[in-house]
Amino acid sequence: MFSDENLFNFIIFFILLMSLPTFILAQFFTSPYGKHKRSCNSGTTISPPIVWAFMESPTLWLTFLIFRFGKNNTNPLPYVLISPFIFHYTNRTIIYPLRLYFGSKPISKKSTSHFPLNIAVTGFIYNILNSYIQCRWVSHFADYESNELFWVRFCGGLVVFAGGMVVNVWADGVLLGLKSEGGGYKIPRSGLFEYVSCPNYLGEIVEWLGWALMTWSWAGLAFFVYTCANLVPRAVSNHKWYLEKFGEDYPKNRKAVFPFLY
């Protein structure tokens, strides 16, 4: 019989397994949204603010829906542990789309609705799977009674997570600020943008490294590994795009995502 625990373990295995082909495929194909939108794209497209709210929404409603069914739902520690996850996705599902809607100008009239629906649906499905394993681990499978290092791991991971989220939100703000000026894409400046082309991706990678440390679980590790498999190649694609667009004007010392390294 396919039990809840079997489902939980299968999804973790599936996400880890899909990380490698995702990373390999991303070397040859960059999802066609944002900078990489192609004029020849066909199919339904949706406004980016609506897409981000839709795509990320399972991280909130599904988490709240299933959390109360966990065996640890009367223990305060799971609520402490899940709070950074909820905090991140409150920003990503609600605040970021609002900032995107009110604070940016389209680069052209044709780009006001430019996020492919199929990519949004794929992201939605991934967030359902990932939210399920993260929430189910925290609320049900984690053993808080014998976890003597809970506060050490949580506090250490939280420091890493918080640092990553500060970078992620700050970098998003810089990019949104450039969009709000209109006039097309510009070279981002200041802070970590002087070292990498995509500090927003770097920040998110660091966040989920912190989450993996906090949860100390295969679920958290799977999330971190898949985030790297997805975001590192896209950061490289963004870096190449900047170099091609701005040529000699683009700072040659910048890396794609990891300062001084890659």
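Write down the radius of gyration of the stretch 10-66 and its Dmax, each obtained from C-alpha positions, in Å.
So, for the stretch 10-66, Rg and Dmax equal 15.1, 41 Å respectively.
Name the residues whose placed amide hydrogens come within less than 5 Å of the amide hydrogen of Val196, ignoring near sequence neighbours (fewer than 5 apart) on the same chain.
Lys255
Quick one: which of 125-138, 80-93, 170-183 comes out on top by average Cβ neighbours within 10 Å, and what's the full order, highest first? All intermediate terms of the calculation are to be shown ahead of the outcome.
On the way: 125-138: 20.6, 80-93: 18.7, 170-183: 15.4.
By packing density, highest mean first, the sequence is 125-138, 80-93, 170-183.
Can you give the accessible area per residue of the stretch 142-262, in Å², using a 1.4 Å probe? All intermediate terms of the calculation are to be shown ahead of the outcome.
Numbers: 5660 Å² over 121 residues.
Roughly 47 Å² per residue, with all protein chains present.
Of the peptides 255-261, 184-190, 56-62, 207-213, how do they stack up when ordered by the mean number of other Cβ atoms within 10 Å, highest first? Each step should come with its number before you reach the end.
Values: 255-261: 15.4, 184-190: 12.9, 56-62: 19.0, 207-213: 23.6.
Highest to lowest by the protection proxy: 207-213, 56-62, 255-261, 184-190.
May I ask for the Rg/Rh ratio of the chain, computed from Cα atoms with Rh as the Kirkwood radius, given to two decimals? Mind showing how you got there, number by number?
On the way: Rg = 19.0 Å, Rh = 19.4 Å.
So for the chain, dividing Rg by the Kirkwood Rh gives 0.98.
Only four residue types carry charge here, +1 at the Cβ of Lys and Arg and -1 at the Cβ of Asp and Glu. Report the dipole size of the chain about the Cα centre in Debye, rounded to the nearest 20. Please list the in-between numbers first.
Values: 21 positive and 14 negative charges, 219 e Å.
So the magnitude is around 1060 debye.
Would you work out what percent of the accessible area of the chain, with all protein chains in place, is carbon or sulfur (probe 1.4 Å)?
Values: 9050 of 13480 Å².
Ligands and nucleic acids excluded, carbon and sulfur give 67 percent.
Between Tyr195 and Thr122, what length in nm is gained on full extension when 0.36 nm per residue of separation is reduced by their alpha carbon distance?
On the way: separation 73, 0.36 × 73 = 26.28 nm, distance 3.14 nm.
So the extension gain works out to 23.1 nm.
From the backbone phi of the stretch 181-196, what are the Karplus-calculated ³J(HN,Hα) couplings (6.51 cos²θ - 1.76 cosθ + 1.60, θ = phi - 60°) in whole Hz, Gly and Pro given as x?
Per-residue couplings from phi come out as 6, x, x, x, 5, 10, 7, x, 10, 6, x, 5, 5, 6, 10, 9 Hz.
So, by mean Cβ neighbours within 10 angstrom, what's the order for 153-162, 214-223, 196-205 with the highest one leading? Each step should come with its number before you reach the end.
Details: 153-162: 17.2, 214-223: 22.2, 196-205: 24.4.
With the highest mean Cβ count within 10 Å placed first, the list reads 196-205, 214-223, 153-162.
Given a cut-off of under 8 Å on Cα pairs at least six residues apart, what relative contact order in percent is computed for the stretch 194-262? Could the numbers behind the result be given before it?
On the way: 64 pairs, mean separation 33.6, N = 69.
Computed value for the stretch 194-262: 49 percent relative contact order.
The values are calculated or read from the model by the stated rules, or taken from the named source; none is laboratory data. What you see is a predicted model; the values in this text were computed from it and never measured. Positions of Cβ are generated from backbone atoms using ideal geometry, with glycine treated the same way; all protein chains shown enter the neighbour counts. Quick note on the areas: whole protein, heavy atoms, side chains included, nothing else; ligands and nucleic acids left out. Shrake-Rupley method; radii C 1.70, N 1.55, O 1.52, S 1.80 Å.
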